[in-house]
Amino acid sequence: MEHFAVIQALCRAALSNSSSSAVQKQVERLRDALRADGDTRDAGALDSLLSSTDRTASMSPSRIVRSGTVAISSGEELSARTILPVDKETSSPLAEIHYPGDVADPPILDAQVSAAVQSLLHEWQHIEMLESIGVAPSRSCLIYGAPGTGKTRLAMWMAGELGLPVVLARLDGLISSFLGTTARNVSALFAFANRYRCVLLLDEFDAIAKLRDDPQEVGEIKRVVNAVLQNLDTRRPIGLTIGITNHESLLDRAIWRRFESQLSIPRPTYDARVVIAQSYAGPVNLPGVLVRIIAWLTEGATGADIEMLIKSLKKEYVLAKPNETRAPLDSVLQFLSLHSGRIADDKREILRLPSEELARRLIQDANLGFDQNDLALAFGRDKATISRWMKRPKLRRLTKPEQ
């Protein structure tokens, strides 16, 4: 590799001046890439550098470590070389590790939910202040809501803000058909998390924390839930435990009491849907009125739904013929024919109204806040035409009135 001596010097300086596993992980990625390209000499040099760093770290005295913005006085540090716990029957890993920085931005949330998240992070970022008055930050948080609302992304981002790696439980490894093995795997996972400074993330948490009085379940689920409860009670204060579920009603009642914080992620409001649609629109310059109509159409949808719909519109705009011009509402109507199942029935009925009646309905919607200029852009007509539409007698509705 050209200029490898400079790169090696930079790696050496970064490793010697940082205890972060993220730095080591990036150096290891560079080493692996060099080796994959057949550059074994430079890869070996980085390997020696990493080995030397490991030996130096192992001889260093114990001290309070500031992981990101969180001061934690005990627990080991995870690295790419940490051996993961596995199912003894199948050798399947029970978890996977994600390092700070894997998720750059949080999901777009309503102001109230964002404030609650910031409050939780604020506790962790001021551990010393809380300990001075004899209290501790929340050690556990249950995040629940509809699929696609950004729960997992939020948890990963929170870990990044705290500068902690994520130990993400793998359900395919945890859950076993062998009697008693799932409960044993749960205990092994918590034992691993209790050894390292980390966020233990239990995604699809309801799979191992179901109601124990469910008549459809057998005795095995009771053993599993009991194991979860016992391990939550004995979780060491060297990290945060986050449970995530789309089906909070399935959780055992005792599980709820084990989580100090319980965060509900609602479906986004109209304003949040506009921001979500805008965030996914780039780099295509979708018209603002089109983005607002999409936000209006997707009432009750999740961020994941909006992302998928915006991607479809972006493909249409990119693949359009060079000289082809189409009014935003024409794009919406074509889009509707391909994705009708993703749009609420009442919105589909409104879009099927004649243009003049549809224009009236759009301008009357308080959320959209359209004026006649907006309607002219949306329909691809001049303002004079829209003005005439607004002055004509109201057309007879072709559909039943909204309830």
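What FRET efficiency comes out for ARG257 versus ASN323 if R0 is 60 angstrom and r is the Cβ-Cβ distance? Round to the nearest 0.05. The value I calculate is 0.40.
At R0 = 30 Å, how high is the FRET efficiency between ALA384 and ASP105 if r is their beta carbon distance? Nearest 0.05 is fine. Once the sixth-power term is evaluated, E becomes 0.10.
With each label modelled as a point 7 angstrom along the Cα→C-beta vector, the THR269-ALA115 pair spans 1.1 nm. Each other residue within a Cβ distance under 14 Å of ARG153 adds +1 if Lys or Arg and -1 if Asp or Glu, for a net charge of -4. Using a simple spin-label model with pseudo-atoms 7 Å out from Cα toward Cβ, LEU336 and MET308 lie 2.0 nm apart.
Annotation: aspartates and glutamates with alpha-carbon distance below 14 angstrom to LYS347 (same-chain offsets under eight excluded): GLU299, GLU357, ASP365, GLU402. Please enumerate, by chain and number, the lysines with C-alpha under 22 Å from the C-alpha of LYS210, excluding those fewer than 8 residues away in the same chain. Within the straight-line limit of under 22 Å, LYS210 reaches these lysines: LYS151, LYS222.
Going by average Cβ density within 10 Å per residue, which order do the peptides 225-238, 181-194 take, highest to lowest?
Details: 225-238: 17.1, 181-194: 20.9.
Listed from highest to lowest mean packing, they are 181-194, 225-238.
Fewest-first ordering of SER312, SER79 by other beta carbons within 10 Å of each residue's beta carbon gives SER312, SER79. Sorted from longest to shortest, the spans of the Cα atoms of the stretch 95-265 along the three principal axes equal 44, 32, 30 Å.
Dipole of the stretch 270-391 computed with +1 at Lys/Arg Cβ and -1 at Asp/Glu Cβ about the Cα centre; of VAL275, GLY380, ILE306, farthest Cα towards the positive end is GLY380.
Under the criterion of Cα pairs below 8 Å and six or more residues apart, the relative contact order for the stretch 95-265 equals 34 percent. Within straight-line reach of LYS391, meaning a Cα separation under 19 Å, sit the following lysines at least 8 residues removed in sequence or on another chain: LYS383.
Restrict the search to the stretch 285-378; then list the GluC sites (Glu not before Pro) that DSSP places in a loop and that have at most 12 other Cβ atoms within 10 Å of their Cβ. Write down the numbers at each step before the final one.
Values: sites: GLU299, GLU307, GLU316, GLU324, GLU349, GLU356, GLU357; in loops: GLU299, GLU324.
Those satisfying the criteria are GLU324.
Using the Karplus relation 6.51 cos²θ - 1.76 cosθ + 1.60 with θ = phi - 60°, the per-residue 3J(HN,Hα) values for the stretch 326-333 come to 9, 5, x, 5, 5, 5, 5, 5 Hz, with x marking Gly and Pro.
None of the figures in this text is laboratory data; all of them are computed from the coordinates on show. Everything quoted here is computed from the prediction, not taken from an experiment. Here the Cβ is made from the backbone with ideal geometry for all residues, glycine too, and neighbour counts use every protein chain on show.
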